[in-house]
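Asks: Mind having a look at this structure? Questions to follow.
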Amino acid sequence: MVKVDLDHVYKQYKGNDKYSVTDFNLHIKDQEFIVFVGPSGCGKSTTLRMIAGLEDISKGTLKIGGKVMNDVAPKNRDIAMVFQNYALYPHMTVYDNMAFGLKLRKYSKDDIDKRVQRAAKILGLTEYLKRKPAALSGGQRQRVALGRAIVRDAPIFLMDEPLSNLDAKLRVSMRAEIAKLHQQLKTTTIYVTHDQTEAMTLADRIVIIKDGIQQQVGSPMEVYNNPANVFVAGFIGSPAMNFFHVILKDGKIVDKENHDFEIPVPEGKLKVLKDKGYEGKELIFGIRPEDVHTEQVFLEAFPDQVVTATVTVSELLGAETQLYCKVGDTELVSKVDARDFTKPGTKVKMGFEMNKAHFFDPETEKAVEN
Amino acid sequence: MKSKGFIEKHWGWLFLIVPLILQAIFFYFPLVQGAFYSFTNWTGLTYNYKFVGFNNYKLLMMDQNFMKSIGFTAILTISLIVGEIVIGILVARALNSKIKGQTFFRAWFFFPAVLSGLTVALIFKQVFNYGLPAIGNALHIEWLQTSLLGTNAGAIIATIFVLLWQGVAMPIIIFLAGLQSIPDEIKEAAEVDGANSRQIFWKIELPYMLPSISMVFILALKSGLTAFDQIFAMTAGGPNNSTTSLGLLVYNYAFKNNSFGYANAIAIVLFILIAIVSFVQIKISNKYAVD
């Protein structure tokens, strides 16, 4: 059983007066698949490298399996790591690449062979074992990198953007393979990515990081349905959530700038907002593209939740259409049925599904309801 | 239009004509000429010479000076190859680590490379003839009280030291570049895989540096086999011809003994030696190089 505990972990680089990672707290359970997600430079890789031991921890404690690991060398932490650029040893064959860690740990020849063959079979690399990395495709190289982690049977896998060097199609299939692998091996995994789709599809829990600060930790559905703040709301979900600056007046939200719309807030949500004293005050109102409707049925059923928008760009994606519109000066993206493809320039009526609306405080940018 | 096809196919040679001519005049022609004279008894002073066939080469095999010179050149070359590679890698690794004044040290260690060989030799000649004996006298170290250049072994060691002191500067820079071409991620991966710094050096860094090592090997080989100016200035080949390198021997025979043909025979042997060793070395290092 391996848990990983990070308590008040800070990272400060030399010559930098700001912290790159600030007060990072996370308790990872055995067999859990954790994904760190955030924009580039947010500190997610730094945190992973601190867990690996490739970066020093400036403050705080890191425990692996209950033992403090702050000053333990990477080789003694019993972790396996997959790097973004594969980091294969170019002068060794695929077999030797996978066997390297085992040889260093003085495994017997038979044992090494058994483990490498097994990993090669799982990853479909058996016929490439004698090749050198230069003779492999990107996807195969990434598989070798995974294989190097698998053979070790290490209790923890660390993966640093392992798919970002692959092309789109390969990335999707390798994503599925990593998911399958985790189901098979049940190894505690910490995975770093800037791709929110990878985060959503792979994670048991997602950690969203921005500027070295944890924004929210939760299951994919939690962070999607109840984003803790404007950043999380905008980061998770594609296309991103739409935001409007509004004022709450007489149970309705009114567009702050031009009064382009006046929409009543559903009872439950209204009560929370009023209890927290937002009546007559400014709010950030967020609505996901899939909660913006153009179907006639919806528009007729909820006529007071409708705004008029001008389509600027219309993207037909086959099964669906993404309409990029303007409501007054504010951008609005709507994900609608492919049949509702509309030419740019047309004015369209769009209904907001207010039960799925999100409200944030304009100053703290934190979610109001929870 | 047959001629037009010819021009279209071969017009690229036009760009090669100038370098080819230069190469021919200054390299291939002297090479052939040298080989030609090695079969004559030309003195280098007159226009008269006779063909002597392989006579010069036969004489060479019996020439004590040539054998001694081969011996010294071999010792010198091996010392330079081993010394430049080992010391070069050690210093490059030290300079590649995070130390204070890194830029200063990098420039400092490269400094000998920009000096003229003659200058270096003259400075060290003073050191060996006056500097070290003074220290020996002051500290009462007997073997230091006379000049090292006065004894056979002392002169050989001193020569190797001076050539190495100057010769190692370039390898340091080459190895430093080689070390820096290794991606950090690969070393980190090895670290996570369980390698300690010694294992990382032998299993990761060294294979990565094979191309650099092979380049330094050839440089050291060439500088050892053709060593001339430093030795000429410092010991002039003495004492007892103990530091006469092949280069110096060729010079002595050609310009002191006026046996130009014979000297050319030595030069040709030297050329063949370098060619064989370089060829073998390139073959071997290609086999192990990192793709």
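The values are calculated or read from the model by the stated rules, or taken from the named source; none is laboratory data. Everything numeric in this text was worked out from a predicted model, so none of it was measured. Quick reminder, even Gly has a Cβ in these numbers, built from the backbone with ideal geometry, and neighbours come from all protein chains shown.
Asks: What's the total number of residues in segment A:120-145 that are aliphatic (A, V, I, L, M), surrounded by 19 or more Cβ atoms within 10 Å (Cβ to Cβ) and within 14 Å of chain B (Cβ to nearest Cβ)?
Replies: Total satisfying the criteria: 2.
Asks: Name the one entry in B:ASN241, B:ASN258, B:ASN286 that is within 14 Å of another protein chain (Cβ to nearest Cβ) and either in contact (Cβ under 8 Å) with a residue 60 or more places away in the chain or surrounded by fewer than 18 Cβ atoms within 10 Å (Cβ to Cβ) (or both). Spell out how you get there, then give the answer.
Replies: Values: B:ASN241 fails: within 14 Å of another protein chain (Cβ to nearest Cβ); B:ASN258 fails: within 14 Å of another protein chain (Cβ to nearest Cβ).
So the residue among B:ASN241, B:ASN258, B:ASN286 that is within 14 Å of another protein chain (Cβ to nearest Cβ) and either in contact (Cβ under 8 Å) with a residue 60 or more places away in the chain or surrounded by fewer than 18 Cβ atoms within 10 Å (Cβ to Cβ) (or both) is B:ASN286.
Asks: Still on this model: Take B:VAL32 and decide whether it is in a helix (DSSP H, G or I) and closer than 30 Å to B:VAL168 by Cα. Don't jump to the end; show me each part of the working.
Replies: On the way: in a helix (DSSP H, G or I): yes; closer than 30 Å to B:VAL168 by Cα: no.
Judged against the criteria, B:VAL32 is not a match.
Asks: Considering only segment B:160-181, I want to know if a residue exists there that is within 14 Å of another protein chain (Cβ to nearest Cβ) and either part of a helix (DSSP H, G or I) or of a type in the set (Gly, Ala, Ser) (or both). Break it down into steps so the answer makes sense when it comes.
Replies: From segment B:160-181, those within 14 Å of another protein chain (Cβ to nearest Cβ) are B:178, B:181; that's our starting set.
Pick out the ones that are also either part of a helix (DSSP H, G or I) or of a type in the set (Gly, Ala, Ser) (or both) and you get B:178, B:181.
Yes, segment B:160-181 contains at least one residue that is within 14 Å of another protein chain (Cβ to nearest Cβ) and either part of a helix (DSSP H, G or I) or of a type in the set (Gly, Ala, Ser) (or both).
Asks: Need pairs with beta-carbon distance below 7 Å; first residue on the phi > 0 side of the Ramachandran plot and within segment A:51-78, second assigned to a loop (DSSP other than H, G, I, E, B); sequence gap 6+ or separate chains.
Replies: That search, which allows pairs on different chains as well, returns A:GLY53/A:VAL72; A:GLY53/A:ALA73; A:GLY53/A:ARG77; A:GLY65/A:VAL2; A:GLY65/A:LYS3; A:GLY66/A:LYS3; A:ASP78/A:ALA154; A:ASP78/A:PRO155.
Asks: Same structure, new question: Condition (residue is touching a residue at least 40 places away in the same chain (Cβ under 8 Å), in the same structural domain as A:GLY66 (by TED's automatic domain parsing), among the aliphatic types (A, V, I, L, M) and part of a strand (DSSP E or B)) applied to segment A:130-138: is it met by at least one residue?
Replies: Within segment A:130-138 (the criterion being touching a residue at least 40 places away in the same chain (Cβ under 8 Å), in the same structural domain as A:GLY66 (by TED's automatic domain parsing), among the aliphatic types (A, V, I, L, M) and part of a strand (DSSP E or B)), the answer is no, since none of the residues qualifies.
Asks: Same structure, new question: Of the conditions (1) within 16 Å of A:VAL246 (Cβ to Cβ); (2) loosely packed, with under 13 Cβ neighbours inside 10 Å; (3) under 26 Å from the mean Cα position of the chain (by Cα), A:GLY280 fails just one. Which one is it?
Replies: That leaves (3) as the condition not met.
Asks: For B:ILE218, state whether it is under 23 Å from B:TRP165 (Cα atoms), in contact (Cβ under 8 Å) with a residue 40 or more places away in the chain and either β-branched (Val, Ile, Thr) or within 14 Å of chain A (Cβ to nearest Cβ) (or both).
Replies: Working: under 23 Å from B:TRP165 (Cα atoms): yes; in contact (Cβ under 8 Å) with a residue 40 or more places away in the chain: yes; either β-branched (Val, Ile, Thr) or within 14 Å of chain A (Cβ to nearest Cβ) (or both): yes.
Yes: the conditions hold for B:ILE218.
Asks: Within segment A:214-233, can one find any residue that is assigned to a loop (DSSP other than H, G, I, E, B) and touching a helix residue (DSSP H, G or I) at 6+ places or on another chain (Cβ under 7 Å)?
Replies: So the first thing to find is which residues in segment A:214-233 are assigned to a loop (DSSP other than H, G, I, E, B), and the list is A:219, A:226-228.
If we keep only those that are touching a helix residue (DSSP H, G or I) at 6+ places or on another chain (Cβ under 7 Å) as well, we get A:227.
Scanning segment A:214-233, I find at least one residue that is assigned to a loop (DSSP other than H, G, I, E, B) and touching a helix residue (DSSP H, G or I) at 6+ places or on another chain (Cβ under 7 Å), so the answer is yes.
Asks: Looking at (1) crowded, with 21+ Cβ neighbours inside 10 Å; (2) over 14 Å from the mean Cα position of the chain (by Cα); (3) in contact (Cβ under 8 Å) with a residue 60 or more places away in the chain, can you tell me which one A:GLN184 breaks?
Replies: (1)
Asks: If I go through segment A:90-113 residue by residue, how many of them are surrounded by fewer than 22 Cβ atoms within 10 Å (Cβ to Cβ) and either part of a loop (DSSP other than H, G, I, E, B) or away from chain B (no Cβ under 11 Å) (or both)?
Replies: 14
Asks: Something else now. Just to verify a result, which residue in segment A:19-28, among those that are touching a residue at least 40 places away in the same chain (Cβ under 8 Å) and surrounded by fewer than 22 Cβ atoms within 10 Å (Cβ to Cβ), is nearest to A:GLN184 (Cα to Cα)?
Replies: The first filter runs over segment A:19-28 and keeps only residues touching a residue at least 40 places away in the same chain (Cβ under 8 Å), leaving A:19-26, A:28.
Subset that is surrounded by fewer than 22 Cβ atoms within 10 Å (Cβ to Cβ): A:19-20, A:22-23, A:25-26.
On the way: A:TYR19: 38, A:SER20: 35, A:THR22: 34, A:ASP23: 34, A:ASN25: 28, A:LEU26: 25 Å.
This residue is A:LEU26.
Asks: A further question on this structure: Give the residue that is farthest from the other protein chains (Cβ to nearest Cβ), with candidates limited to residues of segment A:45-79 that are of a type in the set (S, T, N, Q) and assigned to a helix (DSSP H, G or I).
Replies: The first filter runs over segment A:45-79 and keeps only residues of a type in the set (S, T, N, Q), leaving A:45-47, A:58, A:61, A:70, A:76.
From what's left, assigned to a helix (DSSP H, G or I): A:45-47, A:76.
Details: A:SER45: 11, A:THR46: 13, A:THR47: 15, A:ASN76: 8 Å.
Filtering segment A:45-79 for residues that are of a type in the set (S, T, N, Q) and assigned to a helix (DSSP H, G or I), the one farthest from the other protein chains (Cβ to nearest Cβ) comes out as A:THR47.
Asks: Is it fair to say A:ALA176 is modelled with pLDDT of 90 or more, under 23 Å from A:ASP78 (Cα atoms) and in a helix (DSSP H, G or I)?
Replies: So A:ALA176 fails the test.
Asks: When the residues of segment A:187-230 are narrowed to those that are touching an Asp or Glu at 6+ places or on another chain (Cβ under 7 Å) and buried (at least 21 other Cβ atoms within 10 Å of the Cβ), which ends up farthest from A:ARG143 (Cα to Cα)?
Replies: The residue in question is A:VAL230.
Asks: Hey, another quick one. Which residues, taken from segment A:80-89, are within 8 Å of chain B (Cβ to nearest Cβ) and within 13 Å of A:VAL151 (Cα to Cα)?
Replies: The answer is A:ALA80, A:MET81.
Asks: For segment A:288-336, give me each residue that is in a strand (DSSP E or B), of a type in the set (Val, Ile, Thr) and in contact with a helix residue (DSSP H, G or I) (Cβ under 9 Å, 6 or more places away or on another chain). Steps first, please.
Replies: Pass one, segment A:288-336, residues in a strand (DSSP E or B): A:292-293, A:306-316, A:320-327, A:330-336.
So of that shortlist, the ones also of a type in the set (Val, Ile, Thr) come out as A:292, A:306-308, A:310-313, A:321, A:327, A:330, A:333, A:336.
A:VAL306, A:THR321, A:VAL333, A:VAL336 - these are the residues of segment A:288-336 that are in a strand (DSSP E or B), of a type in the set (Val, Ile, Thr) and in contact with a helix residue (DSSP H, G or I) (Cβ under 9 Å, 6 or more places away or on another chain).
Asks: Then there's this: Evaluate segment B:183-195: report whether one residue or more is within 14 Å of chain A (Cβ to nearest Cβ) and on the phi > 0 side of the Ramachandran plot.
Replies: Scanning segment B:183-195, I find at least one residue that is within 14 Å of chain A (Cβ to nearest Cβ) and on the phi > 0 side of the Ramachandran plot, so the answer is yes.
Asks: What is the residue count in segment A:255-266 for residues that are surrounded by fewer than 18 Cβ atoms within 10 Å (Cβ to Cβ) and modelled with pLDDT of 90 or more?
Replies: Counting residues in segment A:255-266 that are surrounded by fewer than 18 Cβ atoms within 10 Å (Cβ to Cβ) and modelled with pLDDT of 90 or more gives 2.
Asks: Same structure again: What single numbered condition from (1) of a type in the set (Val, Ile, Thr); (2) in contact with a His (Cβ under 7 Å, 6 or more places away or on another chain); (3) free of Cβ contacts under 8 Å to residues at least 24 places away in the same chain fails to hold for A:VAL223?
Replies: (2)
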